[in-house]
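Undergrad: Mind looking over this structure? Questions follow.
The values are calculated or read from the model by the stated rules, or taken from the named source; none is laboratory data. Bear in mind the structure is a predicted one, so any value in this text is a computation, not a measurement. Cβ atoms come from the backbone with ideal geometry, glycine included; neighbour counts cover every protein chain shown. Just the protein is used for accessible areas: all its heavy atoms, side chains included, with ligands, DNA and RNA removed. Shrake-Rupley method; radii C 1.70, N 1.55, O 1.52, S 1.80 Å.
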Amino acid sequence: MKANQSKVCIVLPTKNEESFIQEIITDIFSKFEEYGLYKPTIIVIDDSKDKTKQLAIEVGATVINGGGKGLGFAMYQGLKYALNFNPDYILSCDADGQADLNEIPKFLKPLEIDEADLVISSRFLKPDLVFYKYRWRNRLGVRILSKILSSFVGHKITDNHGGIRAMRASVARELEMLGNHTYVQETIIDASDKGFRIKEIPSVWKKRKAGKS
């Protein structure tokens, strides 16, 4: 199936992103139009105390409550909710502006040409992909977690916290999670255990424009 014939849901977890949320939503819509893709459904899973929810609705997003139990719990709710729209693909993206939205087509491509079922991003597959000061202890933590993940899935994983990932609806449909904070790791392990193909691709991480991670 070609990407421009596919239905895509975008899932954005948010917590107090009022300064940037409208920009990222409108930018996503414009990128899909620019690349000749069908207009996506954007689902914001919100745990904010500011005006993020109101602002997201104003620019065309669907907003659901994140549950206040952590990023993993919120993402699980968002992925399952996205299935209500019968998408072909679900793409999750950080809502803080660090992901490069110009990369969206390259995350969809491995799905559309049937190379993968889950596409994850890596800041470390190529040099010079991180455009901000990245603390050494954070990098060490990622290295350790990535080695553990690699042992679970049976092939090398270099990153587990990239800002964009894309999956077939079937991956989200079968997803089972135990933790409320380990979404990024659990989805990779769960997908691998269920026989889904995982592909890691290089991806840029930019500096946040506003707010705090």
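Undergrad: So Ser30 ticks every box in (1) open to solvent by 20 Å² or more (accessible area, probe 1.4 Å); (2) within 30 Å of Lys194 (Cα to Cα); (3) in a helix (DSSP H, G or I) but one. Which box is left unticked?
TA: Every condition holds for Ser30 apart from (2).
Undergrad: Which of the residues that make up the range 126-142 are in a helix (DSSP H, G or I) and either modelled with pLDDT of 70 or more or small (Gly, Ala, Ser) (or both)?
TA: Filtering the range 126-142 for residues in a helix (DSSP H, G or I) gives 136-142.
Answer for the range 126-142, where residues must be in a helix (DSSP H, G or I) and either modelled with pLDDT of 70 or more or small (Gly, Ala, Ser) (or both): just Gly141.
Undergrad: Counting just the residues of the range 172-203 that are under 12 Å from Asp117 (Cβ atoms), touching a residue at least 60 places away in the same chain (Cβ under 8 Å) and surrounded by 18 or more Cβ atoms within 10 Å (Cβ to Cβ), which one comes out farthest from the chain's Cα centre (by Cα)?
TA: In this case the residue turns out to be Phe196.
Undergrad: Still on this structure, I have one more. Take the range 94-124 and flag every residue that is under 23 Å from Gly36 (Cα atoms) and out of contact with any Lys or Arg (no Cβ under 8 Å at 6 or more places or on another chain).
TA: Those that are under 23 Å from Gly36 (Cα atoms) and out of contact with any Lys or Arg (no Cβ under 8 Å at 6 or more places or on another chain): Asp94, Ala95, Glu103, Pro105, Lys106, Leu108, Lys109, Ile113, Asp114.
Undergrad: On to the next question. Residues of the range 167-213 being of a type in the set (S, T, N, Q), at pLDDT below 90 and over 16 Å from Ser121 (Cα atoms), which ones?
TA: Scanning the range 167-213 gives Asn180, Thr182, Ser213.
Undergrad: Considering only residues of the range 102-122 that are under 14 Å from the mean Cα position of the chain (by Cα) and open to solvent by less than 10 Å² (accessible area, probe 1.4 Å), which is modelled with the lowest pLDDT?
TA: Filtering first and then ranking leaves Ser122.
Undergrad: Quick one: what pairs do we get from the range 50-63, first residue farther than 16 Å from Lys15 by Cβ and in contact (Cβ under 8 Å) with a residue 24 or more places away in the chain, second assigned to a helix (DSSP H, G or I) and polar (S, T, N, Q), C-beta under 9 Å, 6+ apart or different chains?
TA: Glu58/Gln22; Val59/Gln22; Val59/Thr26; Gly60/Thr26
Undergrad: Among the candidates Tyr35, Tyr81, Tyr89, which residue alone is out of contact with any Gly (no Cβ under 6 Å at 6 or more places or on another chain), open to solvent by 60 Å² or more (accessible area, probe 1.4 Å) and modelled with pLDDT of 95 or more?
TA: It is Tyr81.
Undergrad: Among the residues of the range 44-77, which ones are at pLDDT 95 or above, within 17 Å of the chain's Cα centre (by Cα) and assigned to a helix (DSSP H, G or I)?
TA: Once the filter is applied, which keeps residues that are at pLDDT 95 or above, within 17 Å of the chain's Cα centre (by Cα) and assigned to a helix (DSSP H, G or I), the range 44-77 yields nothing.
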